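Reviewing the structure listed below.
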């Protein structure tokens, strides 16, 4: 270990390297200081001291530098050589998730006037409802912005004061302060069912009626997590939309929604496009996002996730459902390349978020005939256990293999329907951020899986690289997935990369 005088002599680029590493991994100084405390609280730098190190005003002790090196999985000597890094290591600005866009040429065909005529015609011919189209627009908006909506975050923080966890009494106090009144019901009035087009597959958990009435299903008294979420959504509706005249209905069970935000509300659907559909869907999204931000405020929740390695059962500590906890991960994590699925058997994706651009494993608007059964989220549908399932997957995207990691859990909704929640990340940007060859690693891992019939133990050298990245990301289930066989997956069986194709042999049947 180098002594302090040696560090002084060899610290020319130390501060710059630490700063660049921190920014490359999208960590704030508070994040890095917290990570260091987890490694060694006695030697960890404070935020202010870390700032001075990065600006070259202070040189860390040998013990402190060892802690920082452990966080970034680097050798201490790497920080002390006299050569700056050749590779630019600040993150690329403007990187976004979601599917790739397309050039709209000739531009005159995509004028507002032509689109306003063509879109309703297109939807009527494809059978997509105005509500579904609204969900697709919102999902694309979410994915493009990678769940970054600071105005909604701030609105929730002003109401909840960044308290976490918020108790049921805290939420009821907020409801009372807003002048809203609570009513309980056992059976939904028929008029509400008829107006909303609600089927028997749904359980209406709550609804709001202007100007200040919230109606709650008595079933929620024994489901506190869902009760808190419904109250948070209605608080969001009140704060963001000024208790307007829209009746907001919350439901549990299978729904027709396709937006990440629209996993618990419903409205009538029609084959025509109504401008109100877009407005109502957007307001549902805003209220749902607000609810998550109120129950899991960004900074406290991010710090809690960091302390517990992004374990899914963190929801119990916050007093929210697993769904809320997993969806909020995609919004508060310093790593932005996330996806989230909520899947019902036999293959209905009720909620989707793809901030990392991962292709859809199944259709939202239609069933596909050749779905790949090797996706963890769908394999979990057929399993009987309720534990978690970590998996490393290789998927071809734009004809190049990508490495993904995910964690899936099986849960039941209030209507008694089993479904699977899945949170996952694209590992390739994290691999590249550490100066490693992500494309080469993915190709080598794919080759190993192909040679072994579609799945393979991760080769030692690749496992070492992935473990280092997992520790930097501080996501425990990525490390667990590395210890299991990696699996080849595909978006459709007809493009199965396995040899022989598992679709041809009947292994990927629906």
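The values are calculated or read from the model by the stated rules, or taken from the named source; none is laboratory data. These numbers come from a predicted model, not from an experiment. When we count neighbours, we look across all protein chains shown, and the Cβ atoms used for this are built from the backbone with ideal geometry, even at glycine.
Among the conditions (1) out of contact with any helix residue (DSSP H, G or I) (no Cβ under 6 Å at 6 or more places or on another chain); (2) buried (at least 20 other Cβ atoms within 10 Å of the Cβ); (3) farther than 17 Å from residue 35 by Cα, residue 472 misses just one, which is (3). Please work out if residue 158 is under 17 Å from residue 286 (Cβ atoms) and surrounded by fewer than 15 Cβ atoms within 10 Å (Cβ to Cβ). Yes, satisfied. Among residues of region 161-176 that are closer than 11 Å to residue 224 by Cβ and not assigned by TED's automatic domain parsing to the domain that holds residue 230, none has a Cβ under 8 angstrom from a residue that is at pLDDT below 95 and assigned to a helix (DSSP H, G or I) at a sequence gap of 6+ or on a separate chain. When residue 430 is tested against (1) within 21 Å of residue 352 (Cβ to Cβ); (2) in contact with a helix residue (DSSP H, G or I) (Cβ under 7 Å, 6 or more places away or on another chain); (3) buried (at least 24 other Cβ atoms within 10 Å of the Cβ), exactly one condition is not met: (1). Of the residues making up region 74-89, those that are exposed (fewer than 12 other Cβ atoms within 10 Å of the Cβ) and at pLDDT 75 or above number 2.
When we screen 379, 354 for residues that are at pLDDT 80 or above, over 29 Å from residue 145 (Cβ atoms) and assigned by TED's automatic domain parsing to the domain that holds residue 430, the only hit is 379. Within region 56-65, the presence of a residue that is within 21 Å of residue 300 (Cα to Cα) and either more than 30 Å from the chain's Cα centre (by Cα) or assigned to a helix (DSSP H, G or I) (or both) is excluded.
Collect the residues in region 335-351 that are in a strand (DSSP E or B), farther than 17 Å from residue 432 by Cα and touching a helix residue (DSSP H, G or I) at 6+ places or on another chain (Cβ under 6 Å), keeping them in residue-number order.
Pass one, region 335-351, residues in a strand (DSSP E or B): 338-344, 348-351.
Next, only the ones that are farther than 17 Å from residue 432 by Cα stay: 339-344, 348-351.
Selection gives 340, 341, 343.
Taking each residue of region 87-114 that is outside the structural domain of residue 396 (by TED's automatic domain parsing) and looking for partners that are modelled with pLDDT under 65 with beta-carbon atoms closer than 9 Å, six or more apart or interchain, yields nothing.
Just to check your reading of the model, which residue among 342, 370 is within 22 Å of residue 128 (Cβ to Cβ) and at pLDDT 90 or above? Talk me through it step by step, then tell me what you get.
Details: 370 fails: at pLDDT 90 or above.
After ruling out the rest, the residue left standing is 342.
Taken together, the residues in region 20-44 that are surrounded by fewer than 18 Cβ atoms within 10 Å (Cβ to Cβ), in contact (Cβ under 8 Å) with a residue 60 or more places away in the chain and assigned to a loop (DSSP other than H, G, I, E, B) amount to 2.
Determine whether region 124-146 contains at least one residue that is assigned to a loop (DSSP other than H, G, I, E, B), within 25 Å of residue 351 (Cα to Cα), in the same structural domain as residue 290 (by TED's automatic domain parsing) and at pLDDT 90 or above. Yes, some residue in region 124-146 is assigned to a loop (DSSP other than H, G, I, E, B), within 25 Å of residue 351 (Cα to Cα), in the same structural domain as residue 290 (by TED's automatic domain parsing) and at pLDDT 90 or above. Within region 202-223, the set of residues being without any contact (Cβ under 8 Å) to a residue 40 or more places away in the chain and in a strand (DSSP E or B) comprises 209, 213, 214, 215, 216, 217.
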